[in-house]
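Notes follow once the structure below has been shown.
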Amino acid sequence: MHYRPRTAILNNLEFDHADIFPDLAAIETQFHHLVRTVPGNGLIVSNGREAALERVLKRGCWTPVELFGLHLGWNIDADNTVFLDGAVQGSLQWELLGEHNRMNALAALAAAHHAGVPVAQGLAALAEFRNVKRRMEVRGVVKGITVYDDFAHHPTAIDTTIAGLRRKVGDARILAALEPRSNTMKLGVMKAALPGSLQGADQVFCYGANLGWDAHAALAPLGSKAMVQDDLNELIEAIAVAAKSGDHVLIMSNGGFGGIHEKLLQRLAK
């Protein structure tokens, strides 16, 4: 709220930071305060697919709003053709994975356009964009096994990250390794959503140490494809034994995960 932006992107809004906010409504109130700081000659770029953001805007908004992710407003099709109110604006050419990144691109184009950047120039800039670290970052390839690092730790992010990798690798096996490390995850607020978010992986390895809830019970709906280990070395060994050439090991955590990436690569190289 202290930034007092002229152009504000409202990308997504769901419950998180359970150690600070009691529920989603409390976070929506904070977004409402933000919306009230955007001037009447500014612009709010909002994800039209998010019901929570729609509720925020309905609480009071005196700023023009452009939606993205819907037919009206900014949109993108399966071939990465970008539209504005149904009119073709150009094509997005980049290597980033996942629907969330496609939505990020639309939001960036809309915000830049409001700042005076032509859409064609925005698309050209996005074509040169290289993703940030810890977002599907390849940490190494050993014996045909690719190891990725990703910051995903909320069920929604886990789901979209796995889905993005799945579109890239097709039928190849995805081995997902997860550390539920954030304060929200440690509280167990999102544990019921974890099995669904991990469903797209072929095997799941969860680090269960330092949790205030039973990860075995939470991941039980995944059946035999889920394994929980409280010892990091044993978790690494289990992944190494399971992995084979052609597999993709997706490691997800908002922390360092005990250096699992390099340790696993070293183990796979033996």
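The values are calculated or read from the model by the stated rules, or taken from the named source; none is laboratory data. In this text the structure is predicted, and so the values were computed from the model without any measurement. FYI the Cβ positions are ideal-geometry reconstructions off the backbone, even for glycines, and counts take in every protein chain you see.
Here are a few things to note about the model shown:
- Qualifying residue in segment 178-188 (condition: more than 18 Å from GLY255 (Cα to Cα) and assigned by TED's automatic domain parsing to the domain that holds ASP247): no
- Of THR7, THR63, THR37, all but one fail to be in contact (Cβ under 8 Å) with a residue 24 or more places away in the chain, surrounded by 14 or more Cβ atoms within 10 Å (Cβ to Cβ) and under 15 Å from ALA107 (Cα atoms); the exception is THR7.
- The C-beta contact set for segment 207-221 (first residue assigned by TED's automatic domain parsing to the domain that holds ILE239 and in contact (Cβ under 8 Å) with a residue 12 or more places away in the chain, second residue acidic (Asp, Glu) and assigned to a loop (DSSP other than H, G, I, E, B), distance under 7 angstrom, 6+ apart or interchain) comprises TYR207/GLU179; GLY208/ASP230; ALA209/ASP230.
- Lone qualifier among VAL141, VAL82, VAL132 - being in a strand (DSSP E or B), outside the structural domain of THR184 (by TED's automatic domain parsing) and β-branched (Val, Ile, Thr): VAL82
- Hits in segment 85-107 - residues which are assigned to a loop (DSSP other than H, G, I, E, B) and exposed (fewer than 13 other Cβ atoms within 10 Å of the Cβ): ASP85, GLY86, GLN93, GLU95
- Test: residue in segment 153-167 that is in the same structural domain as ASP231 (by TED's automatic domain parsing), among the acidic types (Asp, Glu) and under 19 Å from VAL228 (Cα atoms): yes
- You will find that of ASN80, ASN47, the residue that is closer than 26 Å to THR184 by Cβ, among the polar types (S, T, N, Q) and within 20 Å of the chain's Cα centre (by Cα) is ASN47 and no other.
- VAL141 at pLDDT 95 or above, surrounded by fewer than 19 Cβ atoms within 10 Å (Cβ to Cβ) and out of contact with any Cys (no Cβ under 9 Å at 6 or more places or on another chain): yes
- Across segment 24-79, the number of residues qualifying as assigned to a helix (DSSP H, G or I), of a type in the set (Val, Ile, Thr) and either modelled with pLDDT of 95 or more or over 26 Å from GLY164 (Cβ atoms) (or both) comes to 4.
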